[in-house]
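This report refers to the structure that appears directly beneath it.
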Amino acid sequence: MKFTINPLDHQIEPQITDKIDNLTKPKGSLGRLEEIAKKICLIQQTLTPELRSPHNVLFAADHGILEEGVSVSPKEVTWQQLSHFSKGGAGINFLCEQHGFRLVLVDAGTDYDIPSGHGIIDMKVRKGTRNFLHGPAMTITEMELCIERGAKVVKDIIATTDCNVISFGEMGSGNTSPSAIWMHLFTGIELNKCIGAGAGLDTPGVKHKAEVLSAALANYHGEDDAKSKVAWFGGYEMVMAMGAMLQAAESGMLIIVDGFIMTAVILAASQFYPHILDYAVFGHQGDESGHKLMLEAMKVRALLHLDLRLGEGTGAVCAYPIIESAVRMINRMDSFQSVNVTKYF
C-alpha cells in the first residue's frame, strides 16, 4: 500500500509567527504552547486551527517471543484487557472520558476468539506472531495486510466523523521486546540501552530479556532493509498502528504519539515516509528506560514526563489538554493592536 505524505508547506509560517508574536504577551513567553500552535497551523494550513472529534485507536495482538519468558505478563492478559477496555473500567477509559476522546478497539491478532457484540473491531491477521528468536514474526504479506487494515480503521473514522486529531495505543504482552529491537535497528543505539523492564521484570529478568533479544538479532537472516526488519521483529498491533499513522498523516491529521511502543512504531514508519514526523506531537516521555534515548535520537521532545509506562494511549490522551491550550492561545488571545495595548517587549 502506497501513501502520499507531503512535507508541510511553510509558506504560511511568517503569518503564523507574526500572529503568535503579536498576541498580548511577551514574545516567546508561552513557550511550548507557541511551538505546538505553529505546528498545528502548518498541518492545517490556517491561522485559526481547530481540534475536532479526537479519537484514540487501540490495537491489540499477541507475540510469539513471549514463549521465551521476556515478560511478566502472561499471554492471556492481552485479550482479557482488550475485553476490559470494552467494558469501560481501564486506565485508557477514564482518560478518554475525561478528555472527550472516542476509544476505538481493534483486535489485530490476539490468541483468542473474542465473541462479537463487544464493540471490538475484528481485524485479526493471525492468533499472535511467530517467535522471532527462530524466524520472522510475520510474513511480508501479513505485514502488508496489517498496514492496509490499520489504514482502513482511520479511513472509516474519517468517513463517519469530522476527526482531525488522533492518537494510538496498544495492548500486547511482550511488545516492549519488538519495540526495543526496532529502536536498536533504526537508531543504531546499543541494544542493551534499548531494553527495559517492560511490565515489571526484575534485574535478572531484564538480563534474560537482553540475552534473548541479542540471540534473536544474531539469528536474523533477512534482507538489510526496513521492510524485512519490520516484518521479522514486529507485532501485528504495531504494524497495524503504523498503517493507521501513515493514513492519518496522508489525511492531514494531527497525530499524538504515546509512549515507548508507539514511538518505536512512528520511528519505523519514518523509515518509509520520513515526513510522517511533521504531523506528530509526542505526548509523553515514558518510564521505559529506552524511551528518552529514542526521542533524543529522533530529535523530538515530549510534552509530559509523568513516569507513565502503561501504554494504551494513556500518555497521548493525558497530553491533549496542553495541545488544546495551544490552539486556544492562538484563537482566543487578543492582539496588541486589537485591544490598544502597547507592546511591552
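Worth a mention:
- Working from the Cα coordinates of the chain, the gyration tensor eigenvalues give, after taking √(5λ), semi-axes of 36, 21, 19 Å in decreasing order.
- Peptides 62-72, 328-338 ordered by average Cβ neighbours within 10 Å, highest first: 62-72, 328-338
- Separation between Cα centres of the stretch 290-345 and the stretch 226-275, rounded to whole Å: 22 Å
- Relative packing of 259-267, 306-314, which averages over residues the other C-beta atoms within 10 Å, highest first: 259-267, 306-314
- Close amide H contacts of V57 (hydrogens built in the peptide plane, cut-off under 5 Å, sequence separation of 5 or more or a different chain): V104, S167, F168, G169.
- Neighbour-count ranking [beta-carbon atoms within 10 angstrom, fewest first] of D122, D258: D122, D258
- For the stretch 29-42, putting each phi into the Karplus relation 6.51 cos²θ - 1.76 cosθ + 1.60 with θ = phi - 60° gives couplings of 6, 9, x, 4, 4, 5, 4, 5, 4, 4, 4, 5, 4, 5 Hz, in residue order, rounded to whole numbers and with x for Gly and Pro.
- Lys/Arg +1, Asp/Glu -1 at C-beta; the stretch 286-345 dipole; positive extreme among Q337, A302, A319: Q337
- Net dipole in debye of the chain [+1 Lys, Arg Cβ; -1 Asp, Glu Cβ; about Cα centre; nearest 20]: 660 debye
- For the stretch 115-254, the dipole from Cβ point charges (+1 on Lys and Arg, -1 on Asp and Glu) about the Cα centre works out to 300 debye, to the nearest 20.
- 3J(HN,Hα) along the stretch 190-206: 3, 4, 4, 7, 8, 9, x, 7, x, 6, x, 5, 7, 4, x, x, 5 Hz, from the Karplus curve 6.51 cos²θ - 1.76 cosθ + 1.60 with θ = phi - 60°, whole Hz, x for Gly and Pro.
Values quoted throughout were computed directly from the atomic coordinates according to the rules given, and no laboratory measurement underlies them. From a predicted model like this one, the values you see are computed outputs, not experimental measurements. Note: ideal-geometry Cβ built from the backbone for every residue, glycine included; neighbour counts use all protein chains shown.
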